[in-house]
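Right, one structure below, let's go through it.
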Amino acid sequence: PREPGGEAEFAQRIDPAREPGLSPQQRQHMAQVELAHRQRALQRRLRSRNLLLALGIGVVTVGIYGYTFYSVSQERFLDELEQEAEAARARA
């Protein structure tokens, strides 16, 4: 259904301050609904940002943990100390 202005009625945007047929209660209700929609959109954005941040922190933590285990498993200084201790025992 088209209006003479070219926009469909369901897509028509109105300005509550300029609309002559609205009561003050209706204007207040529209403002409250609009504020609720904005807050919901903001919460969605924050939730997605928080999720990305949590995933990033988790990846960094797992990476550090994995690297630590890898580097500790590569250390051979205890093997060298044991070899020196065995050599000292053999000499004694």
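The values are calculated or read from the model by the stated rules, or taken from the named source; none is laboratory data. Given the structure is predicted, the values throughout are model-derived calculations rather than measurements. Note that we place each Cβ from the backbone using ideal geometry, even for glycine, and neighbour counts take in every protein chain shown. Accessible surface areas use protein heavy atoms only, side chains included; no ligands, DNA or RNA. Shrake-Rupley method; radii C 1.70, N 1.55, O 1.52, S 1.80 Å.
Do we have any residue at all in the stretch 65-86 that's among the small types (Gly, Ala, Ser), modelled with pLDDT of 85 or more and over 37 Å from the mean Cα position of the chain (by Cα)? There is at least one residue in the stretch 65-86 that is among the small types (Gly, Ala, Ser), modelled with pLDDT of 85 or more and over 37 Å from the mean Cα position of the chain (by Cα).
Rundown of residues vs (1) touching a Gly at 6+ places or on another chain (Cβ under 9 Å); (2) surrounded by fewer than 10 Cβ atoms within 10 Å (Cβ to Cβ); (3) assigned to a helix (DSSP H, G or I), yes/no style:
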position	(1), (2), (3)
14	no, no, no
18	no, yes, no
22	no, no, no
25	no, yes, yes
28	no, no, yes
36	no, no, yes
43	no, no, yes
48	no, no, yes
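For the stretch 63-77, residues that are part of a helix (DSSP H, G or I) and open to solvent by 100 Å² or more (accessible area, probe 1.4 Å) total 6.
State whether one or more residues within the stretch 83-92 are open to solvent by less than 100 Å² (accessible area, probe 1.4 Å), part of a helix (DSSP H, G or I) and not small (Gly, Ala, Ser). Explain how you work it out, then say what you get.
Taking the stretch 83-92 and keeping what is open to solvent by less than 100 Å² (accessible area, probe 1.4 Å), we get 85, 87-88, 90.
From what is left, the residues that are part of a helix (DSSP H, G or I) are 85, 87-88, 90.
Among the residues that remain, those that are also not small (Gly, Ala, Ser) are: none.
So far as the stretch 83-92 goes, no, none of its residues is open to solvent by less than 100 Å² (accessible area, probe 1.4 Å), part of a helix (DSSP H, G or I) and not small (Gly, Ala, Ser).
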